[in-house]
Structures are given as C-alpha cells and as structure tokens.
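I have placed the structure first, in the form of structure tokens, so that the comments after it can refer back to it.
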Amino acid sequence: MKRNIGPLILLAALAALAVVGTAGANHQVKSPVKGSFRYCSDPTFPPMESTTTAGKPTGFDIDMANAIGKFWKVKANFVQTAFPGLLPALSAKKCNMVISGIFITPDRVKSFPAVSYMKTHRALVVQAGNPKKIKGPNDLSGKLVAVQAGTKYEEYLKALNDQFKSSGRPQFTLQSYPGDTDAVAQLLIGRADAVLTQDTSGAFQKQAHPGKLALAYLFPETDSFGIYYRPSDKKMGAALRTVIKQLKKNGTLKKIAAKHQIPVSDVK
C-alpha cells in the first residue's frame, strides 16, 4: 500500500493543477458584462450588415456579435445607428461596442481603441463591361462617383478630388448616400459611373445583381475592420481580444465568412 501513495499523491497534484488551469481559462473568457451587451451597427453595408425584408438584421457582423454573446454566455442586442453616429453613440453609452464594418484608423483610435477581426481591400465597382474604362483612381477624373456618406471612402474621394483640382485635372462629381447599397443603386440605373466600397460589399453586390456589375480596381492597401469600445472599459477590450482570438482559432469566424461568401483568408 505504501508504494501506491506516491503515484496517488502525484495524480492528485496533477488533478489539482488541471482544475487550476481550467479555472484560469474560464477566467480569461469571462464576460465583461452581465446578461447582455449592446452593439451599435448601421445595417446598410451587406454582406457585413443589412436587414431582411422583415427588418431583421443579418450579415457577417451580426453573426459574429451573436457568436461573441454565445461565447460569453450573454445575449447580443443590436442597436441600429446611422454610420456617422456610431462612435458618438458609443461615447454616449448607447451601446457597449461598435460592430459595423468600420475601419481601424489612426484618427478614430485616438478617441476609441479597437480590436481587429477582418482584413480586406477597397474596390471600385462599375457597370458590367466597364463602359467608362475605369482602371484605377486616376480614371475617376470627370466622372460621376457615388459613395456612402460619413465613411473613410468619402474622405478619400474628397481628398482625391482636391488633388485633381490642384493638378488642373477635371474633378469628378461626388454623390453621397446614406448607405452603400444606395450608392450602388445609382450605378445600376446609370446615374453613377463608379462606386468606392469594400471588396466584401462589391462581391455581394455582384452576386445580388448578376451580369450587371464588375470590380474595376482593387486597391493594394489592406484595411482592417475593428470592434470599437470605450477607452475606460479596459475589461471589455481584454475580453474582446480574447474572444476574437478564440473565434478565429476554433474556426467560427471562418464558418461565418464562408456563409456570407467572404474569403476565409480575410479572417485568419
């Protein structure tokens, strides 16, 4: 019997260590909120977020928010917010975070930290056959360009127009609309020559309107979509970094990306 005491003690010690390890793991993924969290989102940017005909939010970001809630064992509540008001709503505590296909940019992170979850490229979408022969940003000179208002796309296009003006080239007519889909609608009816959006949205719109649209140019630079939270909410930031890491590791984000026909490489 005495010779069995050593192994038994060792097994007990290992079991105790396993319990401690499990407790540590559970502590790392503990929800920073109780019961539920609210996330602000503008459902005008499919396939990231949009609404069904019945008004129900749908898209990659919606599924990801629900996956975060499931991982934390709390409910994810959608708070519809116009794109320009997303970060102000976060500041006013109308939501705990912003999940809305919003870029991580230096000016934004000065006020709100963000956790990256997807990398993509900007794209110029045109009519099928590219009748205006738009092969890049320089070809927008003298054209009609549509874009979603309040976005970094709009800021970029305004700056590009300024460059055209300073160099003596014809400027393009910039038309801004409430949603990305609204901008694409102008392209479909011939009231715009190009739309600046994301490759994810461009692919979705091409699928939604077979034979009517094309991707004329894919920008080489990579953008990152991020989840924004308040700087004072450090627990939220730590929890978001952990849950996104886990959702990538266990394949959840890849499954959601495949569901919405987004390249799984974007969420590696």
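Quick notes on this one:
- Three-way shape call for region 47-169 based on the alpha-carbon gyration tensor, with the a/c threshold at 1.5: prolate
- Accessible-area composition of the chain, carbon plus sulfur, in percent [1.4 Å probe]: 56 percent
- 5 angstrom amide H check on Gln198, placed H, neighbours 5+ away: Ala123
- Taking each residue as 0.36 nm, the span from Lys234 to Val264 lengthens on full extension beyond its C-alpha to C-alpha distance by 7.9 nm.
- Under a 5 Å amide H cut-off, with hydrogens placed 1.01 Å from N, Ser36 pairs with Lys75 among residues at least 5 apart or on other chains.
- CD proxy at 222 nm, helix term only [per DSSP H run n ≥ 4: -39500 (n - 2.57); per residue of the chain; nearest 500]: -12500 deg cm²/dmol
- Whole-Hz couplings from phi, Karplus 6.51/-1.76/1.60, listed for region 159-168; x for Gly and Pro: 5, 5, 4, 5, 5, 4, 5, 5, 8, x
- For region 202-244, convex hull volume per residue from C-alpha positions, Å³: 117 Å³
- Shape of region 145-230, Cα gyration tensor, a/c cut at 1.5: oblate
- Straight-distance candidates among the aspartates and glutamates for linking to Lys268, with alpha-carbon spacing under 15 Å and chain neighbours fewer than 8 residues away dropped: Asp223.
- Prolate is the label for region 155-204. Its Cα gyration tensor axes, ordered a ≥ b ≥ c, give a/c of at least 1.5 and a/b above b/c.
- Rounded to the nearest whole Hz, the Karplus-based 3J(HN,Hα) values (6.51 cos²θ - 1.76 cosθ + 1.60, θ = phi - 60°) of region 103-113 follow the sequence 5, 8, 10, x, 5, 6, 6, 5, 10, 9, x, with x at glycine and proline.
- Residue separation of Thr53 and Lys135 scaled by 0.36 nm, minus their Cα-Cα distance, works out to 26.0 nm of gained length.
- Each Lys or Arg adds one and each Asp or Glu subtracts one; over the other residues with Cβ under 10 Å from the Cβ of Asn96, this totals +3.
- Taking every protein chain into account, the accessible area of region 145-234 amounts to 46 square angstrom per residue (probe 1.4 Å).
- Spatially proximal lysines relative to Lys132 (Cα-Cα < 21 Å; intrachain offsets below 8 disregarded): Lys143, Lys158, Lys165, Lys206, Lys212
- Available extension along the chain between Lys158 and Lys30 is 41.7 nm, counting 0.36 nm per residue and deducting the alpha carbon span.
- Build a GNM of the chain with springs between Cα atoms under 10 Å apart, and of Tyr228, Tyr156, Tyr117 the one that fluctuates most is Tyr156.
- Across the cross-link table entries Lys70/Lys93; Lys93/Lys248; Lys119/Lys249; Lys93/Lys152, which are compared at the Cα atoms, the separations over 26 Å belong to Lys93/Lys248.
- 3J(HN,Hα) along region 77-82, derived from phi through the Karplus expression 6.51 cos²θ - 1.76 cosθ + 1.60 where θ = phi - 60°, amounts to 10, 7, 10, 5, 8, 4 Hz, with x in place of Gly and Pro.
- Taking amide H as placed 1.01 Å from N in the peptide plane, Ile99 has its amide H under 5 Å from the amide H of Cys40, each at least 5 places away in sequence or on another chain.
The values are calculated or read from the model by the stated rules, or taken from the named source; none is laboratory data. Bear in mind the structure is a predicted one, so any value in this text is a computation, not a measurement. Cβ: placed from backbone, ideal geometry, glycine included. Neighbour counts: every protein chain shown. Just the protein is used for accessible areas: all its heavy atoms, side chains included, with ligands, DNA and RNA removed. Shrake-Rupley method; radii C 1.70, N 1.55, O 1.52, S 1.80 Å.
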